[in-house]
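The values are calculated or read from the model by the stated rules, or taken from the named source; none is laboratory data. Small disclaimer: the values here were computed from a predicted structure and weren't measured. As a convention, Cβ positions derive from the backbone with ideal geometry for all residues, glycine included, and neighbour counts pool all protein chains shown. For accessibility, only protein heavy atoms count, side chains too; no ligands or nucleic acids. Shrake-Rupley method; radii C 1.70, N 1.55, O 1.52, S 1.80 Å.
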Amino acid sequence: PRVNSSLSSDELLLEDLETEGERQLKSLLHQQLDTSVSIEQCKSKRRCFAPAAFYKPFGEEAAGALSLSQFQALQESDKETSSLRELGLSDSEILLWK
């Protein structure tokens, strides 16, 4: 913060203070205006995203009256299937695995 010389050190003018928002905007502006970019910098900023999750509810299999143990077995089977799907296996590969 800048201090006006006519004021004592504790009396700062609010308009002379730089806020965090202004600091962030200045930083973003400098990043946009800086055109000297290397491939290494671009690679370091690259983000890797996980593949989208595929959710398939087991409503058809759970339709009707089931006992608690039958429903829990169905739920466990669904958990296994979803974990295999997260590993990247297709539906036919999952059927072959089971």
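Of the residues ALA65, ALA50, which single one is modelled with pLDDT of 75 or more and open to solvent by 80 Å² or more (accessible area, probe 1.4 Å)?
Checking each option against the conditions leaves just ALA65.
Results for (1) at pLDDT 85 or above; (2) surrounded by 10 or more Cβ atoms within 10 Å (Cβ to Cβ); (3) farther than 29 Å from ASP91 by Cβ, shown as yes or no for each residue.
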{"site": "VAL3", "(1), (2), (3)": "no, yes, yes"}
{"site": "SER6", "(1), (2), (3)": "no, no, yes"}
{"site": "LYS43", "(1), (2), (3)": "no, no, yes"}
{"site": "ALA73", "(1), (2), (3)": "yes, yes, no"}
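Any residue in segment 63-90 that's free of Cβ contacts under 8 Å to residues at least 40 places away in the same chain: show its pairings with residues that are part of a helix (DSSP H, G or I) and open to solvent by less than 60 Å² (accessible area, probe 1.4 Å) at Cβ separation under 9 Å, as long as the two are six or more apart or on different chains.
LEU66/LEU74; GLU80/ILE94; THR81/ILE94; LEU84/ILE94; ARG85/ILE94
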